[in-house]
1. For Ala45, state whether it is closer than 30 Å to Trp194 by Cα, modelled with pLDDT of 95 or more and in contact with a helix residue (DSSP H, G or I) (Cβ under 9 Å, 6 or more places away or on another chain).
2. Filter region 97-126 down to the residues that are among the acidic types (Asp, Glu) and over 28 Å from Ala59 (Cα atoms) and list them by number.
3. Are any residues in region 149-184 on the phi > 0 side of the Ramachandran plot and more than 15 Å from the chain's Cα centre (by Cα), and if so, which ones?
4. With (1) touching a Leu at 6+ places or on another chain (Cβ under 8 Å); (2) surrounded by fewer than 17 Cβ atoms within 10 Å (Cβ to Cβ); (3) closer than 15 Å to His42 by Cβ as the list, and Ser176 as the residue in question, which single condition is left unmet?
5. Tell me which residues, restricted to region 26-51, are surrounded by fewer than 24 Cβ atoms within 10 Å (Cβ to Cβ) and either touching a Cys at 6+ places or on another chain (Cβ under 7 Å) or assigned to a helix (DSSP H, G or I) (or both).
Amino acid sequence: MLSYLHSFHAGNHADVLKHLTLMAVLQKLNLKSKPYFYLDTHAGAGVYDLNSKEAQLNAEAKTGVLQLTTPKANANFTSANEDVKGLLFQNYIDLVNEYAHLGQYPGSPIVASSLLRNDDKGFAAELHTAVFESLQQHCRRKGVKAQHRDGFEMLNAVLPPTPKRGAVLIDPPYESKNEYQLVVDSLSRATKRWPIGIYMIWYPLLSGTRIDRQTGEVVNNPKAHLAKEMLEQLTQLPVKSVLNIEFCAHAPSDRVGMYGSGMCILNPPWQLENDLAEILEQLTATLVSDNNKLSTIEWLKAE
């Protein structure tokens with residue numbers, strides 16, 4: 001797990017989905033004046049240099065967030081802002097543009113900090129030592145406390161939190177097959193200690209086959225089924241409801257490893273599905289490259 005560096009993928013379509021969903025949830029929490037708790041279990045570096053060698057290797061931001069900052073895309077968001085619809089997107093784009101002039105992209109702790117209020121308590125965990133140093137630097141003035149520790153361990157160490165209401169973002173790299181089960185096991189413990197918490201779980205959508213880099217042959221992807229199995233287990237946890245959104249930037253193909261990603265929300269705030277529908281509509285209009293109709297929003301468990 002420590003070998004994973006998000007700087008190679010910063011600003012891609014998965015980041016866009018994750019960060020828009022995060023903003024939608026925190027905006028719902030902000031509707032009430034009472035303070036809340038927020039934890040990012042796999043926080044990363046905080047801010048990413050899109051001109052770095054790592055980010056330029058596959059230039060994933062070019063088909064992700066940079067598609068949303070074009071004049072055409074911004075015009076669409078502005079027109080949608082004639083009412084509440086589209087406001088979420090504009091807030092996201094405004095935040096992205098604060099960093100764009102430096103060639104940077106804000107990670108989830110910075111996205112969260114843009115919405116956290118003075119009385120809210122925000123924490124960001126990162127285990128990778130070099131990455132943590134960057135996280136600590138960027139969080140220092142953002143109202144989020146950076147913690148150099150394993151996010152899963154911290155999740156269960158701090159629950160139930162004070163204040164009692166709040167949300168957790170869980171965004172592991174899923175480099176190892178056992179991380180899917182680790183998510184379930186951690187949430188099984190967490191939901192028993194804090195059953196009213198909002199839990200946001202990001203996960204990749206992987207094509208069933210891939211091209212082997214060494215042989216050039218098409219082989220089965222051993223991780224392709226694991227996200228579905230994880231979702232099935234998450235619905236069995238002692239929570240009232242489970243809402244799931246999946247955005248597919250591409251159709252599955254042996255030439256496309258991660259064709260999309262999902263956000264599974266346990267105990268979603270009231271009417272969050274409306275915000276997710278807006279997110280999916282805008283992402284489909286701007287980021288889908290092959291006209292696929294695979295993206296979905298669905299209740300996996302309802303009250």
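The values are calculated or read from the model by the stated rules, or taken from the named source; none is laboratory data. In this text the structure is predicted, and so the values were computed from the model without any measurement. For neighbour counting, all protein chains shown are included, and Cβ atoms are generated from backbone atoms with ideal geometry for every residue, glycine included.
1. Values: closer than 30 Å to Trp194 by Cα: yes; modelled with pLDDT of 95 or more: no; in contact with a helix residue (DSSP H, G or I) (Cβ under 9 Å, 6 or more places away or on another chain): yes.
Answer is no for this residue.
2. Just the residues of region 97-126 that are among the acidic types (Asp, Glu), to begin with: 98, 119-120, 126.
Once the filter is applied, which keeps residues that are among the acidic types (Asp, Glu) and over 28 Å from Ala59 (Cα atoms), region 97-126 yields Asp119, Asp120.
3. Pass one, region 149-184, residues on the phi > 0 side of the Ramachandran plot: 166, 174.
Passing the criteria: only Gly166.
4. (1)
5. Gln27, Lys28, Leu29
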